[in-house]
Amino acid sequence: MNNRKCPSCGAEMELSLSNKCLICPFCDTHIDVEIQDDGNTGMLDENMFDFLWDLDNLKQYENVIAVLDSMRYCLNSLKTAERVSQYIRTALLTDEDVASEGINQNRIDKIMPKIAGLIEPGERIIVYGDDGILSRGKEFFVITDKRSIFVNGKKTGSVLHREISAVRLDPNGGYPRWKLNNQDSFAVTGIGNKYRLQGAIAALICIIAAEQHGGREKIKLL
């Protein structure tokens, strides 16, 4: 425990919320450890969040642990929207179902006609994720520097980050979703099995929302 350097890439390893292993946020190396669970849930900035979820209940799901480990790393170690955005671009974008500015740009170009009326000139798209397993381009979300946009077939909606006051982590039987303002229509899913990406996106939304709240109350994690 005194040396948390990853043996594979040299990055600083993080303790998983399962308290059973150290994980590398960059190359996903795992090292088994045995640590007594003290029930501590103070893993996130108390100045940013009201921490209301039942962590013991969430820990039973392996994919949820991956989401929370990634979110915790981004919030506690990277801390800024710029650094989390870069982490998403360099570490987690691995296939055509995910895109960012200049990465799989053709995916963004294809869906722009559906969201053009929802974004302002100069608004920057940070990440695009396609949820459609059999219908690519018909069910997706887009995270910009101002809002989160959700498209499901002909249904389209968006929420400004400055209007986000609560984020619910729904374990959904081990297939976690982040519901912005606890609304099913504003849900960030795992995009296949990319749960670390999902955690990083949740962290990014929370950081931007906190920055844009302008002194409003803390974000509730439900």
What are the residues in region 1-28 that are at pLDDT below 80 and either loosely packed, with under 13 Cβ neighbours inside 10 Å or in contact with a Pro (Cβ under 7 Å, 6 or more places away or on another chain) (or both), if any? M1, N2, N3
Say we look at region 42-84 and pick out the residues that are outside any helix (DSSP H, G or I) and within 15 Å of the chain's Cα centre (by Cα); which of these is nearest to L221 (Cα to Cα)? L44
Restricting to region 130-164, and then to whatever is modelled with pLDDT of 95 or more and of a type in the set (G, A, S), can you tell me which residue is nearest to L55 (Cα to Cα)? S148
Please go through region 182-221 and give me each residue that is under 15 Å from K146 (Cβ atoms) and aromatic (F, W, Y), ordered by number. F186
For region 170-201, enumerate the residues that are surrounded by 21 or more Cβ atoms within 10 Å (Cβ to Cβ) and in a strand (DSSP E or B). W178, L180, V188
Can you name the residue in region 85-125 that is assigned to a helix (DSSP H, G or I), under 15 Å from K194 (Cβ atoms) and touching a residue at least 12 places away in the same chain (Cβ under 8 Å) and, of all such residues, is farthest from the chain's Cα centre (by Cα)? R107
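The values are calculated or read from the model by the stated rules, or taken from the named source; none is laboratory data. Remember, predicted model here, so these are calculated numbers, not experimental data. Because the Cβ atoms are built from the backbone with ideal geometry, glycine has one as well, and the counts that use them run over all protein chains shown.
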